[in-house]
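Chemist: Okay, handing you the structure first.
Read-outs throughout are calculated quantities, based only on the coordinates presented, and are distinct from any laboratory measurement. Please read these numbers as outputs of a predicted model, since none were measured by experiment. Cβ atoms come from the backbone with ideal geometry, glycine included; neighbour counts cover every protein chain shown.
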Amino acid sequence: MLLPRKPKLITRRKLITTAAASIIAAPAIVRADLLVNPVFVQEATNDDLILWLRGDLNVGSTGTPVNTWTDQSIYHNDATGHGTTTSPTIQAADRNSLNTMRFTCSDKQYYSLPDFISPYNQGFVIWVAKVLSHPTAAGCDAGITKFGADVTTNGNNHYGFSGDGHIYDDFGTFTRSDLGQAGSNLITYHMFSMQSAQPTSLFEAYLNGTLFYSNLNTSVPWTFGTVPFIGRGRRDVVVPGTENYLDAWIAELLVYRILPSSGFRMSVESYLTAKWGPF
């Protein structure tokens, strides 16, 4: 006599995994309750996410220095500070009750990273951040990242330049580009991304999910500086002492070694918006 088969139990863990898998297949469909740990943010494989810095995982009270901001990708490309006073600090319960990271220009706080992306020929970076003022103060107008190789006298990136309020960045190139004027968007929490690639000579930027800048005619190769920075410029290579620093808060930052499809980019934007928004 055959006994009736017992019903198969599906655990909550499996339900979450199954639901997350559906998001991978259809990135435009995003449930906020599944976005705490975004397994869907790999479009191809886990290898594609090469840097993932989360402010909400740093534990401590406001003002606590974080000398190592731990990379959550499989590569452990940790961001390293430079001492108690020059390491960025925690801003507790700053956004949606989550911790963020404060970069203070007067203390020259910034992070160095290993040469984590130079082997590739394309990339995508996205972050959630806000700056102290717009336009930024002279000398406190660094870009959020220095992930390019422009070290000329005009090689500092800017995120709301003190002179004209524009964003300047050299992401993946030897020459920084003028991405344009973002205005007061930068002084409140917002989402900004850039993607560039060779040999297509593509450079695009998005602000809160909307195309902000596009250039298909740049002829410079896709390359990164050997010492990538977060919160500091690199003009001091040719003009010592003239690097600039950042006065801002960074909530989260992700870097991929792929050129994302629009659907994938929107999936990552949906994850960040559900967690840190509205923007």
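Chemist: Which one of 174, 242, 151 is farthest out on the positive end of the charge dipole of the stretch 46-276, using unit charges on Cβ (Lys, Arg +1; Asp, Glu -1) and the Cα centre as origin?
Modeler: Of the candidates, 242 comes out farthest on the positive side.
Chemist: Next question, about the same structure. Give me the orientation-averaged projected area of the Cα convex hull of the stretch 46-276, in nm², one decimal. It would help to have the intermediate numbers written out before the result.
Modeler: Numbers: hull surface 44.6 nm².
Average projection, Cα convex hull of the stretch 46-276: 11.1 nm².
Chemist: Please compute the length gained on full extension between residue 201 and residue 188, using 0.36 nm multiplied by the number of residues separating them and subtracting their Cα-Cα distance. Numbers along the way, then the final one.
Modeler: Numbers: separation 13, 0.36 × 13 = 4.68 nm, distance 3.14 nm.
Length gained, residue 201 through residue 188: 1.5 nm.
Chemist: Ok, one more. Dividing the Cα radius of gyration by the Kirkwood radius, what Rg/Rh value follows for the stretch 36-152?
Modeler: Numbers: Rg = 15.1 Å, Rh = 15.7 Å.
Ratio value, two decimals: 0.96.
Chemist: Which ordering of 62, 145, 89 is given by a fewest-first count of other beta-carbon atoms within 10 Å?
Modeler: Numbers: 62 12, 145 26, 89 22.
Arranged by neighbour count, lowest to highest, 62, 145, 89 become 62, 89, 145.
Chemist: Which ³J(HN,Hα) values in Hz, rounded to whole numbers, follow from the phi angles of the stretch 244-260 under the Karplus curve 6.51 cos²θ - 1.76 cosθ + 1.60, where θ = phi - 60° and Gly and Pro get x?
Modeler: Working through the residues one at a time gives 10, 10, 10, 10, 6, 10, 10, 8, 7, 8, 10, 10, 10, 9, 10, 8, x Hz.
Chemist: Subtract the Cα-Cα distance of residue 85 and residue 154 from 0.36 nm times their separation in residues, and report this length gain in nm to one decimal.
Modeler: On the way: separation 69, 0.36 × 69 = 24.84 nm, distance 2.77 nm.
Once the chain is fully extended between residue 85 and residue 154, it gains 22.1 nm.
Chemist: Please report 268, 151, 238 as a ranked list, fewest other C-beta atoms within 10 angstrom at the top and most at the bottom.
Modeler: On the way: 268 23, 151 19, 238 11.
In order of increasing Cβ crowding within 10 Å: 238, 151, 268.
Chemist: What does the charge add up to near residue 255, with Lys and Arg as +1, Asp and Glu as -1, over the other residues with Cβ less than 11 Å from its Cβ?
Modeler: Numbers: positive: 257; negative: 48, 71.
Local charge sum for residue 255: -1.
Chemist: For each of 191, 101, count neighbouring Cβ atoms within 10 Å of the residue's Cβ, then give the residues from fewest to most.
Modeler: Working: 191 22, 101 29.
Lowest count first: 191, 101.
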